[in-house]
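J.: Before I ask anything, here is the structure I am working with.
The values are calculated or read from the model by the stated rules, or taken from the named source; none is laboratory data. Model, not experiment: these values are computed from the prediction. So basically every Cβ, Gly included, is an ideal-geometry build from the backbone, and we count neighbours across all protein chains shown. The area values use the complete protein model at the heavy-atom level, side chains included, leaving out ligands, DNA and RNA. Shrake-Rupley method; radii C 1.70, N 1.55, O 1.52, S 1.80 Å.
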Amino acid sequence: MKIALLNVPPLLVRAGIVALAGVAALAPGSPARIERWYSRGVYPGLQRVMTGASNMTSLAVVDVLLALAILIAIVWIVIRVRARKSAGWGRVLLRLAGDAIVAAAVVYLVFLAGWGLNYRRVPLRETLDFDQARVTREAFVTLTTLAVDELNRSHAPAHASEWPALDTIQGPLTPAFDAAGRDLGLSRPVVTGRPKRSLLSWYFRRAAIDGMTNPFALEILVNPDVLPFERPMVVAHEWAHLAGFAEESEAGFVGWIACVRGGDQARYSAWLSLFMHLAAELPKEDYAAAMTRLDPGPRDDLRAIVDRVRRSVPVVRSAARRLYDGYLKANRVESGVASYDEVVALVAGTHFGEGFVPRLRKLPQR
């Protein structure tokens, strides 16, 4: 029996797309199955192809996609509006609303298939030799003491030579990231993304956004105002997203263990980033005590980061934070933007071997 697909009513097709997106958004799913078949199955091959292709140009693919989306939207609105004589304004607006819903459903399904399902994988703390009982105030204080010692020790070596430009950081940092991936049991090395500038940089500056992973082309964007000693951790964090670690604390953890085993500059960047996250978790008296032990060099770098953030626009920064918080919660990250600082708990609660090699509780499913 031959089925004429072209005879399916368009309204039924549109309703089916929206329904499929709704089911995909609400279905519970099995983290173990997603881990096995997607995050460690389909996704690594897709990532190698997509990031490899986007690395061939310094042009931010997201800029092209946004331009195309705007152009298509304008053309489609014009087409709908030109039909108002026969349809009437009420019907035109109704059709445009329906078009927007269907388009959003399609974009969401592409997002899930291309990267977003990584939000539903097995949490990293279930793979690591992680114990929540280790996450205590005392552990945070000990970790802060270690961070201060490392910052004081590594400041001079890190600043002894010129920091690599954003365009050249990929080469020296990639080997350390590959080593981190092997320690976490990744079956295939990640294709590290070429750090790119984007037309969105004006927004990044005003919203104090350091970096972003484009889930539709698997490329990374970096705010050009990010300071040299921030770059290694910002780039490694975004590479961790490319590796399929969607949740922010997990990306921060993977980026940290990559940078902490890198050269002097990457290590300094790693400890500087962790110290800032610790500052958000420590009681005020513990943070004040840590700052008194910090040498002038690292203190000046921390002050420079604070000054950079203060140059952003508070209203835009606050709106961007609320928007991203909603996005994360919609993708089942219950703590929202607070998950950035949860990297501290991952570091404190994980058992490490020599050289900050994380111990695994079990071999990840492949």
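J.: Pick from the stretch 121-144 the residues that are of a type in the set (A, V, I, L, M) and part of a helix (DSSP H, G or I): which of them is nearest to Asp225 (Cα to Cα)?
T.: Just the residues of the stretch 121-144 that are of a type in the set (A, V, I, L, M), to begin with: 122, 124, 128, 133, 135, 139, 141, 143.
Still in the list and also part of a helix (DSSP H, G or I): 124, 133, 139, 141, 143.
Working: Leu124: 31, Ala133: 39, Ala139: 33, Val141: 31, Leu143: 29 Å.
Residue satisfying both the conditions and the ranking: Leu143.
Okay, residues lined up against (1) within 28 Å of Leu124 (Cα to Cα); (2) without any contact (Cβ under 8 Å) to a residue 40 or more places away in the chain; (3) open to solvent by 30 Å² or more (accessible area, probe 1.4 Å):
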position: Ala32; (1), (2), (3): yes, no, yes
position: Gln47; (1), (2), (3): yes, no, no
position: Thr57; (1), (2), (3): no, yes, yes
position: Ala60; (1), (2), (3): no, no, no
position: Ala69; (1), (2), (3): no, yes, yes
position: Val75; (1), (2), (3): no, yes, yes
position: Arg82; (1), (2), (3): no, yes, yes
position: Val106; (1), (2), (3): no, no, yes
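J.: Of the residues Phe204, Phe177, which single one is assigned to a helix (DSSP H, G or I), touching an Asp or Glu at 6+ places or on another chain (Cβ under 9 Å) and at pLDDT 95 or above?
T.: On the way: Phe177 fails: touching an Asp or Glu at 6+ places or on another chain (Cβ under 9 Å).
Result of the check over Phe204, Phe177: Phe204.
J.: It is to be established whether one or more residues within the stretch 160-168 are closer than 18 Å to Phe229 by Cα, of a type in the set (Ser, Thr, Tyr) and not in a helix (DSSP H, G or I).
T.: There is at least one residue in the stretch 160-168 that is closer than 18 Å to Phe229 by Cα, of a type in the set (Ser, Thr, Tyr) and not in a helix (DSSP H, G or I).
J.: Could you list, in sequence order, the residues of the stretch 144-187 that are among the hydrophobic types (A, V, I, L, M, F, W, C), open to solvent by less than 10 Å² (accessible area, probe 1.4 Å) and more than 26 Å from the chain's Cα centre (by Cα)?
T.: Val148
J.: Pairs needed: first member in the stretch 136-158, farther than 14 Å from Leu294 by Cβ; second member anywhere, open to solvent by less than 50 Å² (accessible area, probe 1.4 Å) and of a type outside the set (A, V, I, L, M, F, W, C); C-beta distance under 6 Å; at least 6 residues apart or different chains.
T.: Val141/Asp286; Ala158/Gln265; Ala158/Tyr268
J.: Report whether or not Gly263 is at pLDDT below 95 and under 18 Å from Arg153 (Cβ atoms). I'd like the intermediate steps shown before the answer.
T.: Numbers: at pLDDT below 95: yes; under 18 Å from Arg153 (Cβ atoms): yes.
Against the criterion (at pLDDT below 95 and under 18 Å from Arg153 (Cβ atoms)), Gly263 qualifies.
J.: Of the numbered conditions (1) at pLDDT 95 or above; (2) assigned to a loop (DSSP other than H, G, I, E, B); (3) among the hydrophobic types (A, V, I, L, M, F, W, C), Leu186 satisfies every one except a single condition; which is it?
T.: Answer for Leu186: the failing condition is (1).
J.: A further question follows. Need at least 1 residues that are open to solvent by 50 Å² or more (accessible area, probe 1.4 Å) per element, so show me which helices (runs of 4 or more DSSP H) inside the stretch 256-366 make the cut, counting only ones lying wholly within it.
T.: Details: elements: 264-281, 284-293, 296-310, 314-330, 343-349.
Per the criteria, 264-281, 284-293, 296-310, 314-330.
J.: So is Ala147 assigned to a helix (DSSP H, G or I) and either closer than 20 Å to Gly353 by Cα or of a type in the set (Val, Ile, Thr) (or both) or not?
T.: Working: assigned to a helix (DSSP H, G or I): yes; either closer than 20 Å to Gly353 by Cα or of a type in the set (Val, Ile, Thr) (or both): yes.
Against the criterion (assigned to a helix (DSSP H, G or I) and either closer than 20 Å to Gly353 by Cα or of a type in the set (Val, Ile, Thr) (or both)), Ala147 qualifies.
J.: Please count how many residues of the stretch 166-221 are touching a residue at least 60 places away in the same chain (Cβ under 8 Å) and over 16 Å from Val235 (Cα atoms).
T.: 14
J.: Out of the residues in the stretch 1-54 that are under 23 Å from Ala217 (Cβ atoms) and among the charged types (D, E, K, R), state the one that is modelled with the highest pLDDT.
T.: Arg48
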